[in-house]
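Here, each number is a calculation from the coordinates, and none is a lab measurement. All values derive from a computational prediction rather than experimental measurement. Using ideal geometry, Cβ is built from the backbone for each residue, glycine included, and neighbour counts are taken over all protein chains shown.
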Amino acid sequence: MRTDTKGIKLIEKFEGCKLKAYKCPAGVWTIGIGHTGTVLGKKVGPGMKITYPHAIRILNTDIKKFETYVNQYVQVPVTQNQFDALVSFCFNVGPGNLKKSTLLKKLNKKDYAGAAAEFPKWNKGDIDGSGTLVAIAGLTRRRKAEQELFNLK
């Protein structure tokens with residue numbers, strides 16, 4: 001499956017677009033629309049800048065990567081809305097976290113309601129580098145939006 005417009009818009013809404021590198025609430029250097037990897041062979045870091053068209057190209061590449069993980073890990077039929085919600089979730093929490101999540105385990109047992117109920121549990125981050133996870137308002141809103149999209153018929 002491929003991410004539809006609803007999924008892309010959800011990712012864009014919550015990631016925002018910043019053309020100058022910044023540290024996200026979890027302390028990870030980020031640029032564009034939630035991109036944390038490399039840009040033109042350089043790790044995202046202080047002082048890095050990109051253009052908006054470049055941010056869109058990076059986003060499209062990133063989304064394809066996360067679609068691959070979702071397509072690989074999900075072993076049951078899902079709707080387009082469920083797929084889009086899962087790609088947004090994977091984009092944000094990472095493929096390793098999706099793979100080991102109770103959300104995925106429940107989904108792959110065809111417990112769709114149980115899987116949906118797991119989204120809100122992923123609203124925490126280490127905002128000060130102490131290792132202590134705290135609820136983050138933006139993640140709480142994002143998980144609610146992903147959950148709503150997942151449950152949309």
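Annotations for the structure displayed:
- Rh (Kirkwood; distinct C-alpha pairs) - region 13-61, Å: 10.5
- Taking a point 7 Å out from the Cα of Lys49 in the direction of its Cβ, the residues of region 7-23 whose backbone N falls within less than 18 Å of it are 17-23.
- Multiplying the residue separation of Asn60 and Asn108 by 0.36 nm and removing their Cα-Cα distance gives an extension gain of 14.6 nm.
- Added length on full extension, which subtracts the Cα-Cα distance from 0.36 nm per residue, Ala135 to Leu19: 39.1 nm
- Computed about its Cα centre, the charge dipole of the chain is approximately 120 debye, with only Lys, Arg, Asp and Glu carrying charge at their Cβ.
- Two-decimal log10 I(q)/I(0) for the chain, as the Debye equation yields it once each C-alpha is a single scatterer, q = 0.10, 0.14, 0.20 Å⁻¹: -0.34, -0.68, -1.30
- Between Thr36 and Thr5, the modelled labels are 3.0 nm apart [label points 7 Å from Cα along Cα→Cβ].
- With a cut-off of 11 Å between beta carbons, the residues surrounding Val87 carry a summed charge of -1, where Lys and Arg count +1 and Asp and Glu -1.
- Kirkwood Rh (inverse of mean 1/r, distinct Cα pairs), region 1-40, angstrom: 11.0
- Calculated [222 nm] ellipticity per residue, helices only, for the chain: -16500 deg cm²/dmol; basis is -39500 (n - 2.57) per DSSP H run with n ≥ 4, divided by all residues, nearest 500.
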